[in-house]
Structure formats: C-alpha cells, structure tokens
Amino acid sequence: MTSAKIFVIGAGVMGQGLAEAIATSGHEVNLIDKTTKLAERGVKGIADSIDREIGRWGLTKAEKRAILARIYPSSDVSQAEDAEIVLEAIPENLQMKRALFRKLDALCPPETLMITNTGTISISEIAAATKRPEKIIGMHFLNPVTRVPLVEIVKGLRTGDETFQKAVHFAETLNKRWITVNEYPGYVTTRIIVPLLNEAMHLLMEGVASADDIDEAMKLGFGFNVGPLALADMMGLDVVMSWMMNLLDELSEHKYNPCPLLRKLVRAGHLGVKTHSGFFEYDEDGNRITKETDGSAAEAAK
C-alpha cells in the first residue's frame, strides 16, 4: 500500500489530467481504475502528455520522472480507507456515480473530502447515496486539466461550509482559479458551451460552411483560442453528447438535443482526438492532420 492520501478514481482523460495536475503540484496520488492494466494505461497517457509539454519546452525530462514517480496506478479502491481527498472522474452516469460514492462512504474516514468532477449531474443526488451529504462537493475541472486555470466549485444542497473551504484550499494547492456555483444542471461552463458546440455542428451538417471555416470564424471573430469543432474533438464527442443528453433530460430544452451529425459520429466510434478521428483527423500524438481534401469522419458522415 502506498503512502499517498489523495485518490483519483477513473483513469480516463479527465482522471489522467487530475492525477498529472496533483503530481505536478508535488503531491503523491493514487490513480484507480477497474483493473490495474487500465490504471497503468492511464499513467502511460500522462507520460505522453508530459512528453508533449517537453516538446513545447514546458517541462524537462527530470520533471517528467519526478511527476510520474508520484503517481501510483492500482485497481484497489480499498486503499482509500485512509484517504484525505478522493476525486471521482468516472463516466457521466448517475447510477455509477451513486454506487461509487456509496462504496466510498462505507470505506473512507469521516473527515475525507469527497469530490465529484461531474459536469452535468446533480451533486445533491450523488450525495444522497451517502450518509455524509455535507461532505460531498463538486469540483468541475476542464480539459486539459493541467493547462486550463479554472475550476468550478459546486455546492450541493447540503454541502457544508467546512467542505467548501477544504475544496477551495485544494483548488489553490493546484494553482487553480475558482468560482462558486450553486447547483443547477450544467453549472456555468457546460451550460454555456454545449449550445455553442451543438450549433456549430448543425452549421456543418447543413453545409453552411466547412469545419475549418466554422472554427476559423469563431477564432478570428470572437477571439477563441480553439474553434468549437476542434474543442469538441478535444473534449471527446461521446463526453459532449453525454452532457447534452443529461441537460436535455434535466431541462427539456431543445437547444441541448444532440445534433444528428454528432450522434452519427459517436455511434461510429469517431470520438475525436482520443480515437484520432472526429470533426478533424489526428495523429498518434493528438496533432491535427491537415489534408488538401478534408477526409475527416465528419465529412464522410454528412
């Protein structure tokens, strides 16, 4: 058993980003997934992310070794029996999250800070699965975690002030700027960005402009660092669609109904950067592949 007191559960894209950010801040962290192989694959993803930073002169090889040395991959959730902080980063599924928090509730010490990274699901509904709803809080980090300076700290109906202050301290430990959000579907960032992404997808599907030109218009016209279609690819098209479906279910507003082109791409397994194909094409390192003729999955699916 390791000596790390911080646990990230879920070694997917967000879990990797959280573990990397924690380890970069100088803390040891346990990265947990269903199997050790999945957790180790998560560490490999972190190593690849750091290599890209090294390529941009953002980190050194020595820093990479130090960061990776602080991350312990495992499938043993029971190690959280002495955890100080637990961050959940599993898929956006309410029942899965409630089952995990129910298990953590029985396992973790009473003083453990228990955090969900959900972008659309009710903190209160997750917390209600435990006997300590006052100790449950949302911290919605954005991808890529190590580069986006913002975190939304989301209070559930029964989240206590002490829990909120612990979350603030943790955010500051990771050198993040934070905003306070009172629970409501989609919070601030997800609720605003989802309709924008959806409308960009409709423009592409309707043949109003090419994917390149849609993204270029938003970058040059409104100062976006990344265009909406490339941003959706970075987030993961399956994740974006799950956000839309959750918001549609919660708010019953048509603006959250996923664009048919998005549905088609997700069903075909074209999920963006992580599968090397989405609205654009990507190489093994996640770099955009530019072609004379657009051969993206989005063009093929239209």
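The values are calculated or read from the model by the stated rules, or taken from the named source; none is laboratory data. A quick note: this is a predicted structure, and the numbers were derived from the prediction, not measured. All Cβ positions, glycine included, derive from the backbone under ideal geometry; neighbour counts span all protein chains shown.
When the residues of the range 155-190 are narrowed to those that are within 18 Å of residue 88 (Cβ to Cβ) and of a type in the set (A, V, I, L, M), which ends up surrounded by the most Cβ atoms within 10 Å (Cβ to Cβ)? Filtering first and then ranking leaves 167. Being of a type in the set (Ser, Thr, Tyr), in contact with a helix residue (DSSP H, G or I) (Cβ under 7 Å, 6 or more places away or on another chain) and farther than 25 Å from residue 291 by Cβ is a description that applies to residue 190. Listed here are the helices (runs of 4 or more DSSP H) enclosed by the range 176-294 that have at least 1 residues being in contact (Cβ under 8 Å) with a residue 12 or more places away in the chain and under 17 Å from the mean Cα position of the chain (by Cα): 189-205, 228-235, 237-251.
Taken across the range 185-208, residues that are among the acidic types (Asp, Glu) and not assigned by TED's automatic domain parsing to the domain that holds residue 135 do occur, with at least one present.
Could we say that residue 228 is crowded, with 23+ Cβ neighbours inside 10 Å and either within 20 Å of residue 95 (Cβ to Cβ) or not aliphatic (A, V, I, L, M) (or both) here? Criteria met by residue 228. Among the residues making up the range 4-27, none is touching a strand residue (DSSP E or B) at 6+ places or on another chain (Cβ under 7 Å) and hydroxyl-bearing (Ser, Thr, Tyr). The strands (runs of 3 or more DSSP E) falling completely within the range 35-154 that include 2 or more residues that are modelled with pLDDT of 95 or more, surrounded by 14 or more Cβ atoms within 10 Å (Cβ to Cβ) and among the β-branched types (Val, Ile, Thr) map to 85-88, 113-116, 136-141.
Among the residues of the range 245-268, is any on the phi > 0 side of the Ramachandran plot and at pLDDT 95 or above? No, the conditions are met nowhere in the range 245-268. Taken over the range 240-257, residues that are touching a Leu at 6+ places or on another chain (Cβ under 6 Å) and surrounded by fewer than 16 Cβ atoms within 10 Å (Cβ to Cβ) amount to 1. One residue alone among 237, 196 is crowded, with 21+ Cβ neighbours inside 10 Å, at pLDDT 95 or above and within 17 Å of residue 261 (Cα to Cα), and that residue is 237.
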